[in-house]
1. If packing is taken as the average count of other Cβ atoms within 10 Å, what order do 65-77, 190-202 fall into, highest mean first?
2. Within the chain, which DSSP H helices have Cα atoms that stretch 20 Å or more along the helix axis and a mean Kyte-Doolittle hydropathy of at least 0.0?
3. Multiply the residue gap between Tyr49 and Arg76 by 0.36 nm, knock off their C-alpha separation, and tell me the result in nm, one decimal place.
4. What is the dipole size for the range 7-201, taken about its Cα centre, with +1 at each Lys and Arg Cβ and -1 at each Asp and Glu Cβ, in debye to the nearest 20?
5. Grab the eigenvalues of the alpha-carbon gyration tensor for the range 139-206, scale each by 5, take roots, and send me the semi-axes largest first in whole angstrom.
6. Please give the calculated 222 nm ellipticity per residue for the chain, where each DSSP H segment of at least 4 residues contributes -39500 (n - 2.57) and the sum is spread over every residue; nearest 500 deg cm²/dmol?
7. Quick one: what Rg and Dmax do you get for the chain from the alpha carbons, in Å?
8. Need one number: % antiparallel among DSSP beta bridges in the range 56-206, to the nearest 5.
Amino acid sequence: MKFPAKGLYAITQTDGKTSEIIIQEVSSALKGGASVIQYRDKSPVDAIYLAKELLSLCRRHQVPLIINDDAELAYRIGADGVHIGKKDGGILAARKILGTKAIIGLSCYDDINIALKAESKGVDYVAFGRFFPSSSKPLASPAHIETLRLAKKQINVPIVAIGGILPENGRQLIAAGANVLAVIGGVFDCNPKQSAQTYLKLFNSY
């Protein structure tokens with residue numbers, strides 16, 4: 001399964017929620033049209049069970065499931081790929097675990113040079129952010145919209161924007177060069193199906 005050329009990248013909101021609630025919310029986001037799901041869980045109780053359930057949902061909707069930080073978990077459950085940051089092990093290490101067909105994405109923060117190097121090493125997408133204040137990553141360094149404009153001119157893989165993205169501010173990121181919007185709270189704080197549909201409308205002109 002390939003990473004989408006554009007659309008909504010819904011990242012799980014797990015804090016204080018049971019597995020059943022997370023599964024219900026992801027199901028709702030998929031029904032709303034989410035193009036890709038990431039399982040992100042900083043305090044997992046039963047990661048294998050939950051990841052397998054999310055993978056089953058994604059398969060039904062023909063949408064990729066990406067695992068955050070953990071290539072071993074992605075391999076174990078047969079997920080479509082992994083998202084890694086600068087502390088999560090290298091691109092080549094993830095590729096060795098998951099194989100040539102897996103989706104590998106990399107956090108590039110606000111650094112176009114990281115993205116260019118990552119593309120040369122075969123990543124399937126690059127992610128920049130945070131662009132706006134974010135409750136899930138309050139200490140993350142800010143990224144600048146100009147970085148998206150530069151990336152659009154130089155990067156050939158899909159460009160993901162992340163960090164505090166809401167329907168009110170997402171359109172400017174797409175206009176600057178983001179192909180995909182990665183969202184946690186904006187989708188899962190309230191009515192994931194309806195929220196996903198609202199984000200998808202931002203792409204209508206692009």
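1. Values: 65-77: 20.9, 190-202: 18.2.
Peptide ranking by packing, descending: 65-77, 190-202.
2. Numbers: long enough: 47-61 (21 Å, 0.27).
Correct list, ordered by number: 47-61.
3. Numbers: separation 27, 0.36 × 27 = 9.72 nm, distance 1.12 nm.
Taking 0.36 nm per residue and subtracting the Cα distance, the gain is 8.6 nm.
4. Working: 23 positive and 18 negative charges, 99 e Å.
That gives a dipole near 480 debye.
5. Working: eigenvalues 91, 42, 17 Å².
Calculated on Cα positions only, the semi-axes equal 21, 14, 9 Å.
6. Numbers: 9 runs with 86 residues, N = 206.
So the helix-based figure for the chain works out to -12000 deg cm²/dmol.
7. 15.5, 42
8. Numbers: 0 of 17 bridges.
Roughly 0 percent of the beta bridges in the range 56-206 run antiparallel, per DSSP.
Bear in mind these aren't lab numbers, they're just calculated from the coordinates by the rules spelled out. Given the structure is predicted, the values throughout are model-derived calculations rather than measurements. Neighbour counts run over all protein chains shown; Cβ positions are idealised from the backbone, glycine included.
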